[in-house]
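Scroll down for the structure; my scribbles are underneath it.
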Amino acid sequence: MKLVPLFDRVVVEHVEENETTSFGLILTTNSKEKPQIAKVIAVGKGGMVNGNEVKMEVKVGDNVVYSDYAGSNVKLDGKEYVVIRQSDILAIVED
Amino acid sequence: MKLVPLFDRVVVEHVEENETTSFGLILTTNSKEKPQIAKVIAVGKGGMVNGNEVKMEVKVGDNVVYSDYAGSNVKLDGKEYVVIRQSDILAIVED
Amino acid sequence: MKLVPLFDRVVVEHVEENETTSFGLILTTNSKEKPQIAKVIAVGKGGMVNGNEVKMEVKVGDNVVYSDYAGSNVKLDGKEYVVIRQSDILAIVED
Amino acid sequence: MKLVPLFDRVVVEHVEENETTSFGLILTTNSKEKPQIAKVIAVGKGGMVNGNEVKMEVKVGDNVVYSDYAGSNVKLDGKEYVVIRQSDILAIVED
Amino acid sequence: MKLVPLFDRVVVEHVEENETTSFGLILTTNSKEKPQIAKVIAVGKGGMVNGNEVKMEVKVGDNVVYSDYAGSNVKLDGKEYVVIRQSDILAIVED
Amino acid sequence: MKLVPLFDRVVVEHVEENETTSFGLILTTNSKEKPQIAKVIAVGKGGMVNGNEVKMEVKVGDNVVYSDYAGSNVKLDGKEYVVIRQSDILAIVED
Amino acid sequence: MKLVPLFDRVVVEHVEENETTSFGLILTTNSKEKPQIAKVIAVGKGGMVNGNEVKMEVKVGDNVVYSDYAGSNVKLDGKEYVVIRQSDILAIVED
């Protein structure tokens, strides 16, 4: 059983505390938007969003920093996911 | 007697408590939008919405997670439905 | 004497209590928008609305469910009408 | 001396109490917008409004119902007028 | 020394009390926007405004009624002017 | 060391009290936007801004009146500048 | 480990107190937006943003003044970064 996001939506899963530490990544914010790091679990196919063609740039397995202002939490089989739009992703975290 | 949604509207029906449990899907939220799971009952034909051509991606029988921020409840023949836009659907739940 | 709606406007009349019961349709809402059922009395000719070409999909006699967020009440010859935009119509109720 | 409205503006004059009664038209509202009946006194030439070509559909002498949310009152030679946009007009009242 | 308005801006000067009386024009308002009569002093050259081509329809010397919601006051050489956009002008007052 | 504005941004410097007097320009306001006079110090190259091509009309040395609603103050080498968009400029002050 | 910004996003790092002094740059603000100086650390590839093609004008190493209204703070390996959009950058500071 899995979540298949539509259009420009991306399903992410929060990185575990331990993993966060290994990253040395701590997130703070100076605005209403609280940035978040998470691993990409599923990616929509893109397509027309509000009349604009959206091409997906992130892929499954990417670690991303996003602004959670519009994210929606979903719990499936005991795991917690967040569904965001690709445009809510600020940056990919690379090694 | 049935609801025939216009354009990009989708009629959904909330999945029963029991079904929800079989899914193992629990929904929580960290924003104003409360995500929801529901079964698709009827799908509009798409077409021009605010000047943008919308193609419908969901189909009758799909289980979807949506953000109920703009959903409208309708009770017909003793059953409760919610009418949403396809763009309010975050993801399809597949087995 | 009659109301001739402009562009994408639609004139509707609320279905009588009795008719509502025969439909078995009860409307509740979980948002600011209160959905409504009504019979279509007159339909605008469509055309350019905010730069977008609008084609009318509803016709006189249709029973529709709409969101009354932006509807305006008009009383003419002792009858009450509501003028809405076609985009405020969520679904057509068919037998 | 007269008001010559620009672009999609329309000058209307409120119908006298007596005339209203002959119409049998009473206006109430269930939203912030208060609908109004009025006679069209002058019509702009249409043209580009916010980048969209607007063609005028109403003509001098039409009785119209409009939403006065954005209307501006002007008093000229002792008479009161209201300047609205054509898109604020909900319907024409025909005999 | 003079004000040369850019793009769709128009410089207007309020008509003197005496002139207003000769017009017989008194302005009241039933909304947040307070309409105003004024004489056009300078007109921008039009051009692209938010991606839309704007052609100027008013000319120096016109008496106009405008909504002062967005007007900015400027005092130059002891005279008071208001800088508005052409789209804030509701109508031209003609004899 | 200098500020090089991007796209449609313009760097302006407030005219000294003395200069203001020589202009005879006093600024007051009847809205939330407080108009301002200033000398243009640097002009961006224009280009695509929100999908619209912007051509710069003001040049270094122009005295301009602007609405400071969105201006940002920057202090560099002891001097105070304001960075605005060209669309915030209401008019050029010419002799 | 590094932040790779998407589309029109730019990763910046606040200039140290000492550097700020060498610049002689002090930032104050007269609006809700607080301008900021920072060094560009990483630049997105540009591309389609809300249907508009965005070309990147800033490059790694540029010192920029930006409005932090929408910036998001990210702490990685003990260093603090801010992720902004290129359109939030007001000007480049050149020697």
Pairs under 8 Å by beta carbon, first residue more than 7 Å from chain B (Cβ to nearest Cβ) in segment A:70-91, partner part of a helix (DSSP H, G or I), six or more apart or different chains? A:Val82/A:Asp68; A:Ile84/A:Asp68; A:Ile84/A:Ala70; A:Arg85/A:Ala70; A:Asp88/A:Asp68; A:Asp88/A:Tyr69; A:Asp88/A:Ala70
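Tell me which residues, restricted to segment F:49-69, are within 8 Å of chain E (Cβ to nearest Cβ) and of a type in the set (D, E, K, R). Full working, then the answer.
Keep residues of segment F:49-69 that are within 8 Å of chain E (Cβ to nearest Cβ), which gives F:50-55, F:57-58, F:65, F:67.
Once the filter is applied, which keeps residues that are within 8 Å of chain E (Cβ to nearest Cβ) and of a type in the set (D, E, K, R), segment F:49-69 yields F:Glu53, F:Lys55, F:Glu57.
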Of the residues in segment F:25-62, those that are modelled with pLDDT of 95 or more, hydrophobic (A, V, I, L, M, F, W, C) and not in a strand (DSSP E or B) come to F:Met56, F:Val58, F:Val60
When segment B:63-87 is checked residue by residue, the ones that are closer than 26 Å to A:Asn52 by Cβ, open to solvent by 10 Å² or more (accessible area, probe 1.4 Å) and assigned to a strand (DSSP E or B) are B:Arg85
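The values are calculated or read from the model by the stated rules, or taken from the named source; none is laboratory data. Computed from a prediction, not measured in an experiment: that's the story for all the values here. Neighbour counts run over all protein chains shown; Cβ positions are idealised from the backbone, glycine included. Just so you know, the surface numbers come from the protein's heavy atoms only, side chains and all, with ligands and any DNA or RNA stripped out. Shrake-Rupley method; radii C 1.70, N 1.55, O 1.52, S 1.80 Å.
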